[in-house]
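Working notes, structure below.
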Amino acid sequence: MRSLIKTTSTALIFGLGLSFALGSQRAAAETPSCTDWTLRGSYEIDSSGSFTPDGVTFVQIAEVGLIAIDGRGQAAGNDTISFAGNVFTRALTGTYSVNRDCTYTVVVVVDGNPQNLIHLSGVIVDNGASAVLVSTDPGATLTVRSRRLRPL
């Protein structure tokens with residue numbers, strides 16, 4: 001009887017260990033791994049949100065544009081933005097840095113003016129097919145969605 005209990009408990013422990021090991025391997029295989037190269041190609045962007053330029057007044061923002069991302073931390077493109085109903089077309093350049101867990105940060109320079117910066121944090125989806133970002137600038141509540149139109 002003791003031999004049967006010992007054999008059964010050994011088999012159970014082995015089975016649980018094997019199950020845990022296979023589960024860990026599956027989780028490791030499903031864990032995304034990204035680099036700057038994951039984001040490369042031509043992307044459409046659209047965003048909406050609000051901005052508080054004076055800390056009190058909320059101004060609605062909506063934006064659409066096209067951005068070329070080189071896979072090496074650089075991006076450039078153009079957008080059209082509606083800022084409180086006033087519409088502008090802008091030139092955008094920027095840098096980005098991707099983390100292994102597919103989160104990333106972006107600094108955008110608007111119209112070549114280093115005093116006019118936008119800071120964003122986001123997550124890469126489907127191996128770079130799309131991304132979602134949020135502004136990290138004080139006073140800005142902005143969500144940006146992007147979708148790769150074609151790889152470079």
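With only the Cα atoms considered, region 89-149 has a convex hull volume of 97 Å³ per residue. Each of D126 and R147 was given a label point 7 Å from its Cα along the Cα-to-Cβ line. The distance between the two points is 0.8 nm.
Where does the charge balance sit around R90 when Lys and Arg score +1, Asp and Glu -1, over other residues with C-beta under 13 Å from its C-beta? Taking every Cβ under 13 Å from that of R90, the sum is -3. Note that region 45-51 has calculated 3J(HN,Hα) couplings of 10, 9, 9, 7, x, 9, 9 Hz, one per residue in order, obtained from phi through the Karplus relation 6.51 cos²θ - 1.76 cosθ + 1.60 (θ = phi - 60°); glycine and proline are x. Each other residue within a Cβ distance under 14 Å of T80 adds +1 if Lys or Arg and -1 if Asp or Glu, for a net charge of -4. Near L142, within a Cβ-to-Cβ distance under 15 Å, what is the net charge of the other residues, with Lys and Arg +1 and Asp and Glu -1? Here the charged neighbours net out to -2.
A cut-off of 5 Å between modelled amide H atoms, ignoring neighbours fewer than 5 places along the same chain, links G71 with G41.
Each reported figure results from applying straightforward, stated rules to the coordinates on display, with no laboratory input. Please read all numbers here as calculations on a predicted model, not as lab measurements. Cβ atoms come from the backbone with ideal geometry, glycine included; neighbour counts cover every protein chain shown.
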